[in-house]
Amino acid sequence: MAERTIRKNVIVVGSGIAGMAAAFRLRQAGHDVTILERGDHVGGRMSSYEKAGEGGLYRIDRGASWLSHNYHSMIELLREAGLASHMLPCSNELGVLRDGRVHRLSFVRNSDLLRTGLLGWRSKLKALRLLRDLAAARRSLSWSDMSTAAGIDTESARDYALRRLDQPLLDYLVEPLCGTQFLAPADEIAAVGVFSIMRGTFGAASFTFDGGVGQLPSLLIGLPLMRERTRVELNARVKEVRPDGDGVRVTWERDGTSRAEHGHACVVAVPGPIAAGIVPSLTDDQRTYLTGLRYTNDVHVTFGLREPPSETALGVAVPRRDHPDLCVVLYEHNLGPGRAPAGRGLVSLVFRHHWSAQRLTLDDAGVIEDSLAAVTEALPELAAHIAEHREMAAVQRWERAVLARPAGGYRDLARFTGGLDPRSPIQLAGDYFAYSTTNASLATGEQAARRVIAALSPAPAPAP
Ligand SMILES: Cc1cc2nc3c(=O)[nH]c(=O)nc-3n(C[C@H](O)[C@H](O)[C@H](O)COP(=O)(O)OP(=O)(O)OC[C@H]3O[C@@H](n4cnc5c(N)ncnc54)[C@H](O)[C@@H]3O)c2cc1C
């Protein structure tokens, strides 16, 4: 996008990857940007931090930990921002546990589905149907606005699997995918969600950043383009965004003191239920929709280990048949160098949302103890390894982790997006327009920025 001559001030609420992508595109278009962020760091669910162990520093991703070359919007933004050199390749394997044995599938080769010992030959034949259905669904899938999938949103992932596939494919593919992506069982998730995950996950290699997945928002904020005319206010909780004269008025609060500022436009890039509370110009129906969005809870535990376990996959999905609570083990040292001190391991235990919901307010010691009890049941060798080599443990808690849309949720989304005004000076962004991945959030932030840029553009001069 070329530098513009008519410079306006645009306020961005939220510095997750949706807000940061919007801010970057607005700066590229020549506008001044003010970012208001409630937390004490940028990145939201795409942020990383360091924690010391005996042997040095572990780098822990608070939320997102896996990225794919299918993330075309992210890769294009990295290229334009001159940040592509920070991308690193990482392991391309996803393990699936079945009866105590780990079967590894490549993210890159869809044909692994036909070769794996995870499934019998009858299921492999049915898997061909899944690949055909995915190919047909692709044209309805979008990264920035999944209302495009309303027409194919007719059933849950479980009903789809039982209608078109078979029980083993439900148990050992569809359930693990719903667990790892949505932290929820397949009957709570629309079949469209499974097609979205497969489109986003398979057929391309994984990548990471040299400073952890959460490095991207920090890198963006450090760009000369952003340092120049971007103001970032941390610990700034926005209370209200309302139209005001020829722009918007944003009220925010820090340390109990209320402040207000005027912008020509605003991108509100916070989770849907929070947007519902701060944008009074939404209609009652829009507010009801946003308030009712279902995000799953996540409480997960990350262990720093003096020795890495021998697993080569990035993660091992645990089907519900093998354990009701534990849904995936992430071997984060396989993401690349710098996650754990040399020769050490970093492993996270991630749980289905019902387990997390019961532990959102439990203290760290209680969460760690319960997580170890679960891994002892599901993967006793890993539990023994953690017990022997543990030198650090960290607990993450997300009240709103990832969006879990049930069947019909994309039709509801289409009704919601159909009522939004693309010319409004207040534009919304966030993963609730698509599904919870960093690339989708980024794409929605870019879309909001495009709309704001268009709304702020001078009207074309009348023809002579
Ligand atoms: C545990 C977990 C694992 C995940 N794993 C992956 C993965 O491996 N790969 C992947 O691609 N995606 C993953 N995701 C999903 C991905 O992280 C999110 O979909 C994406 O980062 C959301 O970005 P966002 O900008 O839409 O929202 P957020 O990151 O939530 O950003 C919103 C920001 O707004 C701020 N805010 C909220 N209210 C206010 C207010 N009133 N005033 C000012 N600021 C406010 C918040 O503090 C936050 O910084 C994961 C998510 C979680 C939680």
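Nearest 10 degrees is fine. How inclined is helix 191-201 to the longest principal axis of the chain, computing both from alpha carbons?
90
In Å², and per residue, what accessible area does region 314-454 have when probed at 1.4 Å with the other protein chains present? Don't jump to the answer; show the numbers that get you there.
Numbers: 5120 Å² over 141 residues.
Accessible surface, normalised per residue, equals 36 Å².
At q = 0.11, 0.12, 0.19 Å⁻¹, what is the log10 ratio I(q)/I(0) for region 89-196, with the Debye formula run over Cα points and no solvent?
Debye output, listed in q order: -0.34, -0.41, -1.04.
I need the phi-derived Karplus couplings for region 64-71: 6.51 cos²θ - 1.76 cosθ + 1.60, θ = phi - 60°, integer Hz, Gly and Pro marked x.
Running phi through 6.51 cos²θ - 1.76 cosθ + 1.60 with θ = phi - 60° gives 4, 9, 9, 10, 10, 5, 6, 7 Hz.
Show the residues, 5+ positions off or on another chain, whose built amide H is closer than 5 Å to the amide H of R62.
S47, S48, Y49
Note down the magnitude of the dipole of region 324-464 about its Cα centre, charges +1 on Lys and Arg C-beta and -1 on Asp and Glu C-beta and zero elsewhere, to the nearest 20 debye.
Values: 13 positive and 15 negative charges, 178 e Å.
In debye, rounded to 20, region 324-464 gives about 860.
Quick check: the angle from helix 438-456's long axis to the longest principal axis of the chain, C-alpha only, nearest 10 degrees?
Approximately 10 degrees, to the nearest 10.
Once the Cα atoms of helix 409-418 and of the chain are each reduced to a long axis, what angle between those two axes, in degrees from 0 to 90 to the nearest 10, is obtained?
10
In cubic angstrom, how much convex hull volume per residue do the alpha carbon atoms of the chain span? Please report the intermediate quantities before stating the final value.
Details: hull volume 69.2 nm³, N = 464.
Cα convex hull per residue, to the nearest whole number: 149 Å³.
Report the net charge of residues surrounding R98, where surrounding means a beta-carbon distance below 11 angstrom and charges are Lys +1, Arg +1, Asp -1, Glu -1.
Overall, the nearby charge balance is -1.
Putting +1 on Lys and Arg Cβ atoms and -1 on Asp and Glu Cβ atoms, find which of C327, V13, G304 reaches farthest to the positive end of the dipole of the chain.
Result: V13.
Taking the Cα centre of each part, how many Å lie between region 262-276 and region 296-366?
33
Relative contact order of region 1-138: what whole-number percent is it, with Cα pairs under 8 angstrom and at least 6 residues apart? Kindly include the intermediate steps, with their values, before the conclusion.
On the way: 137 pairs, mean separation 17.1, N = 138.
That works out to 12 percent.
Quick check: at a probe of 1.4 Å, how many percent of the accessible area of region 182-260 sits on carbon and sulfur atoms?
Details: 1280 of 2980 Å².
Using a 1.4 Å probe with all protein chains present, region 182-260 comes out at 43 percent carbon and sulfur.
With each run of n ≥ 4 DSSP H residues scored as -39500 (n - 2.57), what mean residue ellipticity at 222 nm is computed for the chain after dividing by its residue count and rounding to the nearest 500 deg cm²/dmol? Don't jump to the answer; show the numbers that get you there.
Details: 16 runs with 158 residues, N = 464.
Mean residue ellipticity at 222 nm (helix-derived): -10000 deg cm²/dmol.
The values are calculated or read from the model by the stated rules, or taken from the named source; none is laboratory data. The model shown is predicted, which means the values in this text are computed figures rather than measured ones. A quick note on method: Cβ atoms are made from the backbone with ideal geometry, for glycine too, and the neighbour counts reach across all protein chains shown. Note: areas computed on protein heavy atoms with side chains; ligands, DNA, RNA excluded. Shrake-Rupley method; radii C 1.70, N 1.55, O 1.52, S 1.80 Å.
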